[in-house]
Amino acid sequence: TPNIILTAAHVVGHCAKIYSRDGPVTVVKVDYDLDLALLRSARAGQPAKLASQAKLFDPVFAVGSPFGIPSFVTFGRIVKISPDRGSLIIDSRIGRGFSGGPVFNASGDLVGVVTSAIGDDLSVYMLATGIAPIRRFIDIK
């Protein structure tokens, strides 16, 4: 759906009101275990295509806003896929501001959502909720 936004649950938190550049945003669904949240915006955007799966060692890129810099992109590859939770570990330097941002494969399909960094301020690895739990969360077969 073009007016649905997928992000990390910890970015939304337990906010009573959320605003974007385009106005108020409504929380539709939150799962703190998966660290995912679905939001509804009044303005429709370009929907992302969901990947069918994520593959080990696939090249990926993540988009975030570190230090308030919008649409900052970092590149890496998937180095681990958790068999039980479907989370991804990606070898890419990220800092604060990437949480909740999308992770795309080389074809531009969504394979994950950034949930955290592993390490110091400019981490060598990022953790992302992978496409399998995302599909279950948004109930797409």
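Below are the figures for this structure:
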quantity: Label-point separation, Phe57 to Phe75 (7 Å along Cα→Cβ), nm; calculated: 1.8
quantity: Cβ-Cβ FRET estimate between Tyr32 and Ile4, R0 fixed at 22 Å, reported to 0.05; calculated: 0.70
quantity: Theoretical gain in end-to-end length, Tyr19 to Arg93 [0.36 nm per residue, Cα-Cα removed]; calculated: 23.8 nm
quantity: Counting all C-alpha pairs of the range 8-72, share separated by more than 21 Å (%); calculated: 40
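Throughout, read-outs are computed from the coordinates displayed, never taken from laboratory work. Every value quoted in this text rests on a predicted model; they were computed, and no experiment measured them. Don't worry about glycine lacking a Cβ; one is built from the backbone with ideal geometry, like all the others, and counts go over all protein chains shown.
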